[in-house]
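Structure record follows, encoded as structure tokens.
The values are calculated or read from the model by the stated rules, or taken from the named source; none is laboratory data. Values in this document were obtained by computation on a predicted structure and should not be read as measured data. Positions of Cβ are backbone-derived with ideal geometry, glycine not excepted, and every protein chain shown enters the neighbour counts.
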Amino acid sequence: MVLLTPKMSTKLLSSLRKLLSVYDGASRAYKIFQTPPSIIKKPGESVVSEIYCSHNVSIFERILWYKQNKRGALKYLGYLNRNFPYPEDDIKEKISFGGDGSKYSSLNVSTVSENDSAVYFCAASRHSTTESH
């Protein structure tokens, strides 16, 4: 069995909140939602539109995806920006993103294996005019 957990550990969540919290002028934190808490698949099965991320921040145009392996190492997977996916080169054959990127995204994993057993999580960001994408 392969366990794909799109939910962060409490320790990691606390650290990321300190690093990634975004506040508006009224000091309200923006919200990002991710479901489900876990998925169990047999090796060889695929995950299609089962890991879902959404947010309520009108100025954010990008949803980023990350993977945390069993040892706690973080890996950036890529992002979806206004319907255009930008996966990292080394995962293009394995992982894809669906959705519009400005409000929601799904993470798809083809033909899961033991190496895919991990914690997956998302973040939202604003597009910078200084970046190439």
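For this structure, a couple of remarks:
- Listed by position, the strands (runs of 3 or more DSSP E) contained in region 47-133 that have at least 3 residues being surrounded by 12 or more Cβ atoms within 10 Å (Cβ to Cβ) and out of contact with any Gly (no Cβ under 7 Å at 6 or more places or on another chain) are 47-55, 62-68, 74-81, 95-99, 104-109, 118-125.
- Count - residues of region 89-122 that are under 12 Å from the mean Cα position of the chain (by Cα), at pLDDT below 90 and of a type in the set (Gly, Ala, Ser): 1
- Qualifying residue in region 30-44 (condition: assigned to a loop (DSSP other than H, G, I, E, B), among the basic types (Lys, Arg) and at pLDDT 90 or above): yes
- Against the list (1) more than 19 Å from Ile39 (Cα to Cα); (2) at pLDDT below 90, the condition Lys70 fails is (1).
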